[in-house]
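Take a look at the structure set out below.
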Amino acid sequence: MPPTTVSRRWLLGVAAGAGAAAATGCAGTSAGPSEQAPTVVPGDLDRARRAAADAAELVAVVAGAARRHPELQPLLTGLGDRHRTHVEAFTPEVEPVALPGRMPVPRSRRATLRLLRAREQRAAGAARRAAADAGSGELAAALASCAACLAQHVRLLSAALADTATGRS
Amino acid sequence: MTTESAVEAAQAALAAEHVAVYAYGVAGGVLDPSGPEAVRVRSAYEVHRARRDGLETTVRSASAEPVPAEAGYALDRPVRGPAGAVAMARTIEDRCAATYAALVAASTGALRNDAVGWLGDAATRGLSWGAAPTAFPGLAPAPLR
């Protein structure tokens, strides 16, 4: 069985509709390349929009945390990059998601890490639920994979919190 | 779970679980039984064994014959010590993640829910073995055409 694939253009095709997908020459890919344009399953466009909005909010809060706590940048740069990848993947081409403005960030490094972890956990839960409900298998896999990435972030932030508790950083 | 594609994806995941059970067994054999890696290997072994059993039940419930385990598997490289065991564990979780993502795409309902959870577990377990975090664990970037 070939690997399940994800591409921004595929998701854009879903978001913009089968006609737009055909026009851009991209195709659904869960079982390998297909000449058939993807079709929009009811509710899936909203699921993709919501995932993009959640990722955009995470981009903003991670950027705010990095500004307030530059010592966390080695950790936060990777988180932010992956959130931007999620924004790009889930954003419908016809209606770009605006990044939120500056988000409030606690002065305490530990409180900031806890805030980030809570936001990542919340977004992971939302992505898991959206994956369970998605009509399109391809979108379900992308949302489940996004949730898995956010679970990795939770693990990394928990490790950073443990390090601050033991004075290792 | 009744569609042909869901059964096929479940069979692929089951085949990956057979390899995982075998590989974690090999890894356990080269580690100090009292060391922290051995504890994590035993935990991973139990997790994958339970998933293997569950997937066999799932496939049978779809009136299909579960793909059997092979007598042995050719691993990517010899597992000679802790570093080799950890590297193999990373590979195993990565390959399992790919089959779970495919199962999410092909299934619905309870089986999809299970696969969603397994994908998250494989991603975090791989991370614990030293894998780099990725934006889309278990998925490969699609070629643009």
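The values are calculated or read from the model by the stated rules, or taken from the named source; none is laboratory data. Keep in mind that this is a model prediction, so the values were computed, not measured. As a convention, Cβ positions derive from the backbone with ideal geometry for all residues, glycine included, and neighbour counts pool all protein chains shown.
Data for the structure
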read-out: Test for B:Arg90: is it among the basic types (Lys, Arg), in a helix (DSSP H, G or I) and either modelled with pLDDT of 95 or more or surrounded by fewer than 21 Cβ atoms within 10 Å (Cβ to Cβ) (or both); value: yes
read-out: Test set (1) of a type in the set (Gly, Ala, Ser); (2) facing chain A (nearest Cβ under 7 Å); (3) more than 13 Å from the chain's Cα centre (by Cα) - B:Gly138 fails condition number; value: (3)
read-out: Filtered residue count, the range B:98-119, keeping only those that are at the interface with chain A (Cβ under 7 Å from one of its Cβ atoms) and within 24 Å of B:Asp76 (Cα to Cα); value: 4
read-out: Residues located in the range B:58-72, provided they are assigned to a helix (DSSP H, G or I) and exposed (fewer than 12 other Cβ atoms within 10 Å of the Cβ); value: B:Arg60
read-out: Evaluation of B:Arg95 against (1) within 13 Å of chain A (Cβ to nearest Cβ); (2) at negative phi; (3) over 15 Å from the mean Cα position of the chain (by Cα) (one fails), failing number; value: (3)
read-out: Matching residues in the range B:7-34 - criterion: being touching a Lys or Arg at 6+ places or on another chain (Cβ under 9 Å) and either hydroxyl-bearing (Ser, Thr, Tyr) or closer than 18 Å to B:Ala97 by Cβ (or both); value: B:Ala13, B:Leu14, B:Ala16, B:Glu17, B:His18, B:Val19, B:Ala20, B:Val21, B:Tyr24
read-out: Residues (within 7 Å of chain B (Cβ to nearest Cβ) and touching a residue at least 24 places away in the same chain (Cβ under 8 Å)) located in the range A:127-141; value: A:Gly137, A:Glu138, A:Ala141
